[in-house]
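Peer 1: The structure under discussion is supplied below as structure tokens; questions concerning it will follow.
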Amino acid sequence: MLERIYERILRIREDGCRDCLKVVCRMDDFQFNQLMSRLQLQIEITSRYNPPVRPALDPMISTELGVYRGDDENIGRLLDYPECCIKSFSENTRYAIDEDHLAEVDELEVPPGKCALVLPSGFIPCSLRCREAWERNLIAFADREEFKRILELEDELRMKLPHFHLAYDEYFEKIILD
């Protein structure tokens, strides 16, 4: 999950950023290595908790990569978002889980024992029923134990990867189910 993003960033830099995310190649080696060290730490921490979906990318890395600065397609592909979700986000200026998403919750078949629907923060699917997003583990149900681990993971990530992004205080979107 996060490991694939790490590998993609390395590949982009090694390929000379011919096609996308030129910001990765404009970084000096020190800055790039610092960001990749943060991502390695995020991977290490996350792997101990084994959440049903990956957390959002560390806010410091997201900021440096230009998330939310207009290159939605390349950022979405880097983060392994389905093309339908990238298109919905880019074209509809849909920047948050909205009323339409919440209305879909009632239409989902919730497995017994599940208490929440979770997504990486910042991932806005075209639909909560998007099959590809479920297959890529970008949307999942969580039971009480998984939900507890998600909250513990967020606490540890906040503590070990401090940042100053005021609007980015959670690593998961959480929709509590009745």
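Readers should treat all values here as calculations from the given coordinates under stated rules, not as data from a laboratory. Source: prediction; values computed, not measured. Every residue, glycine among them, receives a Cβ derived from its backbone with ideal geometry; neighbour counts consider all protein chains shown.
Peer 1: Expressed in nm to one decimal, what extension gain is obtained for the pair LEU108 and GLU14 from 0.36 nm per residue of sequence separation less their Cα-Cα distance?
Peer 2: Net length gain for the segment: 29.6 nm.
Peer 1: From the square roots a ≥ b ≥ c of the eigenvalues of the alpha-carbon gyration tensor of segment 1-176, which class results: rounded (a/c under 1.5), prolate (a/b over b/c), or oblate?
Peer 2: It is oblate, given that a/c is not under 1.5 and a/b is not larger than b/c.
Peer 1: Tell me, what is the percent relative contact order of the chain, built from C-alpha pairs under 8 Å that lie six or more residues apart?
Peer 2: 27
Peer 1: Another one. Taking the Cα atoms only, what angle lies between the long axis of helix 144-160 and the longest principal axis of the chain, rounded to 10 degrees?
Peer 2: 30
Peer 1: What relative contact order, as a whole-number percentage, does segment 1-54 give when Cα pairs under 8 Å and 6 or more residues apart are counted?
Peer 2: This gives 41 percent for segment 1-54.
Peer 1: What FRET efficiency, computed as 1/(1 + (r/R0)^6) with R0 = 35 Å and r the Cβ-Cβ distance, is obtained for ASP29 and HIS165, rounded to the nearest 0.05?
Peer 2: 0.90
Peer 1: Classify segment 44-134 as rounded, prolate or oblate, taking a ≥ b ≥ c as the square roots of the eigenvalues of its Cα gyration tensor: rounded when a/c is under 1.5, otherwise prolate if a/b is larger than b/c and oblate if not.
Peer 2: Since a/c reaches 1.5 but b/c is at least a/b, the shape of segment 44-134 is classed as oblate.
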